[in-house]
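Comments concern the structure below.
The values are calculated or read from the model by the stated rules, or taken from the named source; none is laboratory data. Owing to the predicted nature of the structure, the values given are computational and were not obtained by experimental measurement. Every residue, glycine among them, receives a Cβ derived from its backbone with ideal geometry; neighbour counts consider all protein chains shown. All accessible areas refer to the heavy atoms of the entire protein, side chains included, with ligands and DNA or RNA removed. Shrake-Rupley method; radii C 1.70, N 1.55, O 1.52, S 1.80 Å.
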Amino acid sequence: MQDCLFCKIINREIPSKIVFEDDEVLAFHDIDPKAPTHILIIPKRHLATLNDLDQEDAALVGRLQVTAAKLAKELGFAENGYRVVMNCNEDGGQTVWHIHMHLLAGRALTWPPG
Ligand code: AMP
Ligand code: ZN
């Protein structure tokens, strides 16, 4: 997707602090962190919102979650805890139209979210 910010990050047209990459997934630090650790985990395939998911995307979304759990262990906050969030469309607070999982950790997060 030509005008997609996260596709540009995947293609290295925009710099980012990458923490994990495989053939289907990229994880990098959020530019405006909302917690001491704030990582975005994205599929390399462009999907604008969660509403675009089909049954055949189930494994891909699963890989995002498995990547979050793996990073939590590797980065040392799995036991203390963390949160994963995926925002969809305006009411969900989505601002970048390429699906992404937020991985937030490093402080006690409040609930419910705002
Ligand atoms: P959302 O509001 O759920 O769509 O999340 C989009 C996230 O992307 C926000 O937390 C932004 O801080 C983050 N973001 C925007 N631009 C960049 C960038 N160039 N590099 C890393 N993260 C970004
Ligand atoms: Zn994209």
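Which pairs turn up if I take residues in region 29-41 that are under 17 Å from Gly76 (Cα atoms) and look for partners that are more than 7 Å from ligand 1 (Cβ to nearest atom) and assigned to a loop (DSSP other than H, G, I, E, B) with beta carbon separation below 6 Å, at least 6 apart in sequence or on another chain? Close Cβ pairs satisfying both conditions: His29/Lys17; Ala35/Gly106; Ala35/Arg107; Pro36/Gly106; Pro36/Arg107; Thr37/Gly106. For Phe6, the test of being touching a strand residue (DSSP E or B) at 6+ places or on another chain (Cβ under 7 Å), away from ligand 2 (no atom under 11 Å from the Cβ) and not in a loop (DSSP other than H, G, I, E, B) is failed.
The rows are residues; the columns are (1) in a helix (DSSP H, G or I); (2) not charged (D, E, K, R).
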residue	(1), (2)
Leu60	yes, yes
Ala78	no, yes
Arg83	no, no
His102	no, yes
Ala108	no, yes
Trp111	no, yes
Gly114	no, yes
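Residue count for region 22-40 satisfying the condition of being surrounded by 13 or more Cβ atoms within 10 Å (Cβ to Cβ) and closer than 18 Å to Leu60 by Cβ: 7.
Under the condition of being open to solvent by 10 Å² or more (accessible area, probe 1.4 Å) and either under 20 Å from Val66 (Cα atoms) or among the hydrophobic types (A, V, I, L, M, F, W, C) (or both), the residues counted in region 41-51 number 7. Taken over region 67-91, the residue count meeting the criterion of being without any contact (Cβ under 8 Å) to a residue 12 or more places away in the chain and open to solvent by less than 80 Å² (accessible area, probe 1.4 Å) is 3.
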